[in-house]
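The structure under discussion appears below in the form of structure tokens.
The values are calculated or read from the model by the stated rules, or taken from the named source; none is laboratory data. Worth saying up front: this structure is predicted, and the values here are computed from it rather than measured. Because the Cβ atoms are built from the backbone with ideal geometry, glycine has one as well, and the counts that use them run over all protein chains shown. Heads up: the accessible areas ignore ligands, DNA and RNA and are worked out on the full protein's heavy atoms, side chains in. Shrake-Rupley method; radii C 1.70, N 1.55, O 1.52, S 1.80 Å.
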Amino acid sequence: GNSVTQMEGPVTLSEEAFLTINCTYTATGYPSLFWYVQYPGEGLQLLLKATKADDKGSNKGFEATYRKETTSFHLEKGSVQVSDSAVYFCALSDPPGGSSNTGKLIFGQGTTLQVKP
Amino acid sequence: GAVVSQHPSWVICKSGTSVKIECRSLDFQATTMFWYRQFPKQSLMLMATSNEGSKATYEQGVEKDKFLINHASLTLSTLTVTSAHPEDSSFYICSARDPFRTGKAYEQYFGPGTRLTVT
């Protein structure tokens, strides 16, 4: 079945450091890929998404590229801030119009990012 | 836009009692809502998919008689944990889809979650 694997955390960085959080997936067909962020005490928020191979999603300085050849969707940011401290979830879903089109999300285990000033 | 609320944000109940959690889409109509369960330091596990006006679809291994889901209107879905036990203690999160949002019909908008503790 479909699955998502993220690098284990926590990831601890100093402010302005470069961030990479690895995410790989296993899926049949052509899923859509997402990164969600969960700030302390809050619900999940969509950070960025990509719906087809080679698409690059970007938002708030974060980027991730849909790599079908390596089945990866790694999250990157060039210079992290203390306010980026949160839990980041990689997820995939069936594409709209697919044969099993339920729109269900399958999440990775989450990676905690701690940014120190 | 696309705000989802949950009530209560936290609840403590005694073993054997039932507790109801509400999920509301505040500024859109949600034909589909999802219920997730999140254990500490773990990922979200989908429990069920709730469609307005029809029975919920439960994921494998989720007891439908224990976790009752009702989606009676386009803005409200409820999850009732019946005869709760300490092992039901968890963080329950709902999400909703806005099928009329151009280009985002399949995106999910998440509520802030409800922390359930069963003593």
Using alpha-carbon positions, the gyration tensor of segment A:23-117 gives root eigenvalues a ≥ b ≥ c; with a/c under 1.5 called rounded, otherwise prolate if a/b exceeds b/c, else oblate, the class is prolate
For chain B, modelled as a GNM with alpha-carbon contacts under 10 angstrom, which of B:Gln60, B:Gln42, B:Gln29 fluctuates the most? B:Gln42
Ranked packing of A:49-57, B:70-78, most packed first, by mean Cβ within 10 Å: B:70-78, A:49-57
Hey, in chain B, which Cys have no second cysteine's beta-carbon closer than 4.7 Å? B:Cys13
Using only protein heavy atoms and a 1.4 angstrom probe, determine the accessible area buried between A and B, summed over both sides, in Å² to the nearest 100. 1400 Å²
Please give me, ordered by residue number, the trypsin sites (Lys or Arg not before Pro) of segment B:55-91 that lie in loop per DSSP and have at most 12 other Cβ atoms within 10 Å. B:Lys55
Can you give me the % of accessible surface on the protein assembly as shown that is carbon or sulfur? Probe 1.4 Å, all protein chains present, nothing else counted. 51 percent
Considering only C-alpha atoms, what is the centroid distance from segment A:37-97 to segment B:47-110, in Å? 24 Å
For a quick check: with amide H placed at 1.01 Å from N, whose amide H comes under 5 Å from A:Gly103's, ignoring anything fewer than 5 positions away on the same chain? A:Asp94
Pop out the ³J(HN,Hα) list for segment B:52-63 in order, Karplus 6.51 cos²θ - 1.76 cosθ + 1.60 with θ = phi - 60°, rounded to Hz; leave Gly and Pro as x. 4, x, 9, 6, 6, 9, 9, 6, 4, x, 9, 7
For the protein assembly as shown, with only Lys/Arg (+1) and Asp/Glu (-1) charged at the beta-carbon, what is the dipole magnitude about the Cα centre, in debye rounded to 20? 300 debye
Straight-line reach from B:Lys66: which lysines have a Cα under 25 Å away, not including same-chain ones fewer than 8 places off? A:Lys104, B:Lys14, B:Lys20, B:Lys41, B:Lys55
Can you give the accessible area per residue of the protein assembly as shown, in Å², using a 1.4 Å probe? 49 Å²
Taking the Cα centre of chain A as origin, sum charge times position over the Cβ atoms of Lys and Arg (+1) and Asp and Glu (-1), and report the length of that vector in debye to the nearest 20. 220 debye
Expected output is a single nm value to one decimal: the length gained when fully extending between A:Ala53 and A:Ala17, i.e. 0.36 nm times separation in residues minus the C-alpha distance. What is it? 10.2 nm
Which one of B:Trp35, B:Ser50, B:Val118 is farthest out on the positive end of the charge dipole of segment B:13-118, using unit charges on Cβ (Lys, Arg +1; Asp, Glu -1) and the Cα centre as origin? B:Val118
Karplus couplings for segment A:80-88 from phi (6.51 cos²θ - 1.76 cosθ + 1.60, θ = phi - 60°), rounded to Hz, Gly and Pro as x? 7, 10, 4, 5, 7, 4, 4, 9, 10
Whose amide H sits under 5 Å from the amide H of B:Ile21, counting only residues 5 or more places off or on another chain, with H placed in the peptide plane? B:Leu79, B:Thr80, B:Val81
